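Peer 1: The structure under discussion is supplied below as structure tokens; questions concerning it will follow.
The values are calculated or read from the model by the stated rules, or taken from the named source; none is laboratory data. In this text, all values refer to a predicted model and were calculated from it rather than measured experimentally. Glycine gets a Cβ as well: all are built from the backbone with ideal geometry, and neighbour counts include every protein chain shown.
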Amino acid sequence: MKVRVLIRPKPGILDPQGKAIERALPALGFEGIEEVRVGRLVELEADGADLEALCERLLANTLIEDFEIVRFADRTDPA
Amino acid sequence: MLQFPGSCDERDAVLACKRAGEARLVWHRGTDLTGLDAIVVPGGFSYGDYLRVGAIARFSPAMGAVAQFAAEGGPVLGICNGFQVLCEAGLLPGALLPNTGLRFVCRQVELEVASTASSFTRGLATGERLSIPVKHMSGRYFAPPEQLDALEADDQVVLRYAPGDEPNGSLRRIAGVRNKAGNVVGLMPHPEHAVDPLTGSTDGLRLFEAASGSLAAA
């Protein structure tokens, strides 16, 4: 099974990287974009592993980050 | 002195320890800490800081032994990346986030001693100023507000950046914290780089001497 883990800074935590991107947008002509937040994407293939535990113990620090596990039925990328 | 792949300040830290006592390096695969009176987890970029700062180093075999050593009351000091590792390992509260300014900060900072109830600040005075350098990309101390209140109520904030001299956007100017017992301390500044008049300050030596002194007294 193909798995994507999305990890993002928890709401309310200052994300300076997101802010820097947001501030650069008007100069490039992109208007009306707000609340840019930058996280991390981990792709892996796994069968039967305890993905929740993997995320809580290693992939995310749940004090500062939220994670979301997206499972795909087969190993092909639907996108 | 622990050494991970990617550590880079362990030699300076060994030299600093040797000015207050004796010291040797322990490679991160080792789990035998017998004969050691204190552990220092040094600065650097353990495992390239992949995933998150300190996230992978905490699973090194030596870290299990360090956790046991700390649980038995042994003094443990985490410096910079070592602080990040101790937070990831759950030996210290909170986490270190990328600096607000998104820049690597490398300069001397003024610190205020906030708690003297730790193995590494015993004998110093509350409010006393120390001049010690910082050099980091992810030094912004974070904990949820209620946890910060609890830390302050329990006197667990050990060092703060002096007002107006904050380098990284740390909440409540926190530069270093301790565990409840006071034997585990972590800080972002580098006391091992402030032990000789040649580099401008010897204030860092006082943390190593405090540990050595408290061991001698025990």
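Peer 1: Check B:Leu102, B:Leu130, B:Leu159 and return the single one that is out of contact with any His (no Cβ under 8 Å at 6 or more places or on another chain) and either farther than 20 Å from B:Gly43 by Cα or within 14 Å of chain A (Cβ to nearest Cβ) (or both).
Peer 2: Result of the check over B:Leu102, B:Leu130, B:Leu159: B:Leu102.
Peer 1: Kindly evaluate A:Leu28 against the criterion of being within 22 Å of B:Ile56 (Cβ to Cβ) and of a type in the set (A, V, I, L, M).
Peer 2: no
Peer 1: Quickly run through segment A:21-36 and pick out the residues that are under 20 Å from B:Thr100 (Cβ atoms) and out of contact with any Gly (no Cβ under 6 Å at 6 or more places or on another chain).
Peer 2: Once the filter is applied, which keeps residues that are under 20 Å from B:Thr100 (Cβ atoms) and out of contact with any Gly (no Cβ under 6 Å at 6 or more places or on another chain), segment A:21-36 yields A:Ile21, A:Glu22, A:Arg23, A:Ala24, A:Leu25, A:Glu34, A:Glu35.
Peer 1: With respect to A:Gly39, is the statement that it is within 30 Å of B:Ala89 (Cβ to Cβ), crowded, with 16+ Cβ neighbours inside 10 Å and within 14 Å of chain B (Cβ to nearest Cβ) true?
Peer 2: In short, yes.
Peer 1: On to the next question. Report yes if some residue within segment B:102-115 is farther than 15 Å from B:Glu192 by Cα and modelled with pLDDT under 95; otherwise report no.
Peer 2: Yes, segment B:102-115 has at least one match.
Peer 1: Here is a further query. Confirm whether A:Glu31 is away from every other protein chain (no Cβ under 14 Å), over 25 Å from B:Leu171 (Cβ atoms) and in a helix (DSSP H, G or I).
Peer 2: Here the answer is no, as A:Glu31 does not meet what is asked.
Peer 1: Counting only residues that are surrounded by 16 or more Cβ atoms within 10 Å (Cβ to Cβ) and assigned to a loop (DSSP other than H, G, I, E, B), which one in segment A:11-28 is farthest from the other protein chains (Cβ to nearest Cβ)?
Peer 2: Residue satisfying both the conditions and the ranking: A:Asp15.
Peer 1: Moving on. Tally the residues that are over 18 Å from B:Arg206 (Cα atoms) and buried (at least 19 other Cβ atoms within 10 Å of the Cβ), restricting the search to segment B:11-42.
Peer 2: So the answer is 2.
Peer 1: If I ask for residues that are more than 14 Å from every other protein chain (Cβ to nearest Cβ), among the hydrophobic types (A, V, I, L, M, F, W, C) and part of a helix (DSSP H, G or I), which ones from segment B:25-82 would you list?
Peer 2: Passing the criteria: B:Ala62, B:Ala65, B:Val66, B:Ala67, B:Phe69, B:Ala70, B:Ala71.
Peer 1: Which pairs do you get when a residue that is in contact (Cβ under 8 Å) with a residue 12 or more places away in the chain, found in segment B:61-82, comes within reach of a residue that is assigned to a helix (DSSP H, G or I) and not hydroxyl-bearing (Ser, Thr, Tyr), reach meaning Cβ atoms under 6 angstrom, with the pair 6+ apart or on two chains?
Peer 2: B:Pro75/B:Ala211; B:Val76/B:Ala70; B:Gly78/B:Leu86
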